[in-house]
Structure formats: C-alpha cells, structure tokens
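**Student:** Here it is, the structure in full.
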C-alpha cells in the first residue's frame, strides 16, 4: 500500500516535471509566434504611416503651389491696378501742371504789362518832376536876384540913413556949441543986469538948455520914427528872406497807409488764420484795417491814426518773426508793442530837445513833444513842423537881437496843445498856453504860444516872431494839405460820437471812414441791446455829421472767461 502510494507520488512528480517542460516549450513557441506577428504588424503600420506621410506631403506641396499661384495672380492684378492709377494720376498732374504753367505765364505777362505801364507812368512823372525842378530853379534864381536887389537897396538906405544921422549929429554939436556961447553971454548979462549969483544963473541956464534939448530930441525922434516907418517893411522882408534862406527843412507829408514787407507770400496765410480769426483779432486790438491782397510780399495797413498804424506794423513784425500767430498771442504782442511805443515817444522827445539845445523842459512836455512824431497838421508831420518853426524863430530872433533860447523854446512848443490826450472845446493855442503855464515856462514863451493865432493879445517881443515862423513853415510849397486835416477831424468825430454811448469800450473808424467798429462790454450790453445800439449810433451819425456815401456801424460783443491755474 505504501509502495503504491510512493509510485503514485513519483508518477505525480514526473508528470508535474513533464508538464512544466512541455509548458515551457509551448510558451516559447507561443512567444516566438507572438513576436513574429507583432513584428509583422509593426512593419505594416510603418509602411502605412510612410504611405500616409507621402500622400500628406504631396497634398501640402500641391496646396502650397496653388496658394503661391493665387498670390502671384493677385500680385500681378494689383500691379496692373497700381500702374493704371499711376498713369491716371500722372495724366491728371500733368494736366494740372500745364494749366498752372499757363496761368502763371498769363500772370507774368500781366505783371510785365503792369510793370511796363508803371514804368511809363514813372517816366512821365519823372519828366514832370524835372520840368518842375527847372521851374523851381528859375523861381529860385529870380528870388535870389530879387533878394540881392533888396539887399542892395537896403544897404543904400542904410548908408543914406547913416549919413543923415551923422549930419544930424554934426548939426546937434553945432547947436550945442552955439548954446554954450549963448549960455556964456546970458550968464554975463545976468550977472551985470540982474545981479544974480552964479548958482542961480546956472540953474536958469540949465533949465533953458533942457527945454531946447527936449525940443531938438523930439524933432530927432519924430524924424527917426518916420524914417523907420518908411524902411520897416523892407527891413522886415529882408529878415524874413534871410531866415528862410538859412533854414532848410524836409516836407514830410503823412498819409493813411503803411506797408509791411514780408519775405514770402506763404506768411499771408498764417496772418489771416483759420477763417480769418488772426486778422480779425489784430484789427480789433489795434483799430486799423489790415489788407491782404495780391500785392507780392507786402501787406497794407490802413488807418488815419499814425500811432495805431505803427503799433500794428511792429506787432506784425514780432508775430512773423516769432511764428506763433493766434488770437491770444496777437493781443499779447499788441499790448507789449503799445508799451514799447510809449517808451519810444519819450525817447523821441528827449532826442528832439537835445538836438535843438533846449534844457530844463518838464518831462511831461518832453513826452508831448515825442507824441508830435505820430501826429499831423493838415497833412504835415507835427514834429517836423515844430522843429522847423523852432529853428526859424531862433534865426529870426538872432537877426533882431532878441532872446534866442526863448524864441526856439516857444517855436518848439507852439502847437503842444494838439497832442493832448484830452480834447476840450478850446483852441489848441490857448490849451498849449495853459499847459506851458502849468509846467512853469517863461511868461514870454507862454504868451508866444497863446498868441500865435491871435486868440489873445501879444505882450512879448518873440510872439510875432513865432506867428510869422509858423506861417512860413506852413506856407512852404507842398507842406500842407487842407483836405487831410478835415478828413482826420471827421474820423475823430465819428469815433467820439459812438464813444458817448453807455457800455462802449472802444471805437475804431476803418476803411476810410466807411465803417465804424464799436466794441462793447459784454457784461453790461446784451445781444438785443447791441442791435439797438448799432441803430442808435447810426441815427446819431445821420443827424450830427456830414459825410459822403454811407457808413456801416458794426457793434461787436464778445464774451471771454479767463482763469489762472496756480
């Protein structure tokens, strides 16, 4: 039993070992089969992947070629379109250029014709001037000859008067000797007949001589006065002619237009500004009219007040030089220029009194003398006129043996009443006299200023000299124009008429008096009131003034708000 169990156990072990060996063999074979199958599948997958990659690559290459072909076609079409546009634009530019060249050629021809016309006109004016110069030379030679004749006659009269004076002196000496002899005889007779003392006889003799001398002196004075009356007119003409010949002066005739020169016409656009705002700001700030037209490299400044024109001219110069042109900058530059003009006025006054050798003049009078530079009298520059009168007065006073300094001083200040800031209802001579008296001028100078237009009695010897020299300076050929003075007075009256209304800040007469611009206070005058104000001013101008044509009244109301960030 035990042996059977052992055999069974050995058989079981052998069977287990045989099973393990058979299993290993089967497993190895199965593994080899699996590896071969896996290798085969992997090779198939690689072949399929390579085939797919080749197909994908070919498809991508074909797509790239199609895209490149499309882009090339689009580029060629774009080039064709650009070429067509370029040709069209070139033809348009060529046509515009041809048209512009034609217009410029026509403009050049027009300018050449204008220059030719101007040259012909200038040539004619030059010939007229030369003819007038010849006439003037002939007149001057004639005046010189007349002056020589008058001088010769005056010298002959002087010699005759000197001879007559010597004869009268000799006759007086003879009478004096005869009186001495009579005195000796009378003294002897008195001592013998009357028994008078020598002292009493001397007193009677002196009394008798006094009476006789008074009679002779009265007779001599009467003869001298009669002779002076005969020769006074000739002597006065001689002094006046010599004074005029010794004093030369330029004739400065003011007009109402100033020209501002620019380097290029491109600047005109900046000065005008967008929609004209810059030029409107300049006109509102200065009170002049700025004319920008086709005149090459020039801008016209029009206005009757020379001070306003000078302020506008200098302001334009600074604005163009700076390059920043806008309304706020315009107002800033105009304010600075106005201050600069005031300083220049004082400098002109000081230079004038130094040139004339006048000392001790009050600073306010010096400032008014400087203001004369920007004023005119009947078209004649007031400062040039006053300087000329001062030199004429000094020359004439020296000829007559009077005070030269007082005469020159009165000649310079005789029209000082025309440059006051206020214009009361007084003649300029009386107003100037009051100012001279206020600033402690000499009484002779004060009287000469007040009496040079016969508004008061002449009490100083230099007063008729100032009057005569004022007439000489004003009566020179071409020195004055009556129409200019009345024109300026009308423009000033036009501005003053509008300034009398309540709420008006500034008034400017422009365009030769055809337009009146009125700037009102925006806080006190409403829009409705501005419309009423323009009507009221126009009605007042119609009632109180006489003028040609019509006057446009423009009331400007502008609201501004200003704040400062600190």
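The values are calculated or read from the model by the stated rules, or taken from the named source; none is laboratory data. Bear in mind the structure is a predicted one, so any value in this text is a computation, not a measurement. Neighbour counts run over all protein chains shown; Cβ positions are idealised from the backbone, glycine included.
**Student:** Those residues that are closer than 29 Å to residue 419 by Cβ and in contact with a helix residue (DSSP H, G or I) (Cβ under 6 Å, 6 or more places away or on another chain), I need them from segment 290-309; list them, please.
**Tutor:** Hits for segment 290-309 are 290, 301, 303, 304, 306, 307, 308.
**Student:** Looking only at segment 423-458, count every residue that is under 23 Å from residue 363 (Cβ atoms) and loosely packed, with under 14 Cβ neighbours inside 10 Å and tell me the total.
**Tutor:** Count: 5.
**Student:** Quick check on residue 48: is it surrounded by 10 or more Cβ atoms within 10 Å (Cβ to Cβ) and over 60 Å from the mean Cα position of the chain (by Cα)? Spell out the reasoning first.
**Tutor:** Numbers: surrounded by 10 or more Cβ atoms within 10 Å (Cβ to Cβ): yes; over 60 Å from the mean Cα position of the chain (by Cα): yes.
Yes, satisfied.
**Student:** Looking at (1) surrounded by fewer than 24 Cβ atoms within 10 Å (Cβ to Cβ); (2) closer than 19 Å to residue 451 by Cα, find the lone condition where residue 401 falls short.
**Tutor:** Result: residue 401 passes all but (2).
**Student:** What are the pairs with Cβ atoms under 7 angstrom where one residue, in segment 538-562, is free of Cβ contacts under 8 Å to residues at least 24 places away in the same chain and the other, located anywhere, is outside any loop (DSSP other than H, G, I, E, B)? Sequence gap at least six, or different chains.
**Tutor:** Matching pairs, first to second residue: 538/553.
Residue-wise test of (1) in a loop (DSSP other than H, G, I, E, B); (2) crowded, with 22+ Cβ neighbours inside 10 Å; (3) not assigned by TED's automatic domain parsing to the domain that holds residue 314.
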site: 339; (1), (2), (3): no, no, no
site: 345; (1), (2), (3): no, no, no
site: 352; (1), (2), (3): no, no, no
site: 364; (1), (2), (3): no, no, yes
site: 370; (1), (2), (3): no, yes, yes
site: 389; (1), (2), (3): no, yes, yes
site: 397; (1), (2), (3): no, yes, yes
site: 406; (1), (2), (3): no, yes, yes
site: 410; (1), (2), (3): no, yes, yes
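**Student:** Could you tell me how many of the residues in segment 241-291 are under 15 Å from residue 309 (Cα atoms), part of a loop (DSSP other than H, G, I, E, B) and at pLDDT 75 or above?
**Tutor:** Result for segment 241-291: 2.
**Student:** Surrounded by 15 or more Cβ atoms within 10 Å (Cβ to Cβ), without any contact (Cβ under 8 Å) to a residue 60 or more places away in the chain and either in the same structural domain as residue 496 (by TED's automatic domain parsing) or out of contact with any strand residue (DSSP E or B) (no Cβ under 8 Å at 6 or more places or on another chain) (or both): is that true of residue 327 in this structure?
**Tutor:** Against the criterion (surrounded by 15 or more Cβ atoms within 10 Å (Cβ to Cβ), without any contact (Cβ under 8 Å) to a residue 60 or more places away in the chain and either in the same structural domain as residue 496 (by TED's automatic domain parsing) or out of contact with any strand residue (DSSP E or B) (no Cβ under 8 Å at 6 or more places or on another chain) (or both)), residue 327 qualifies.
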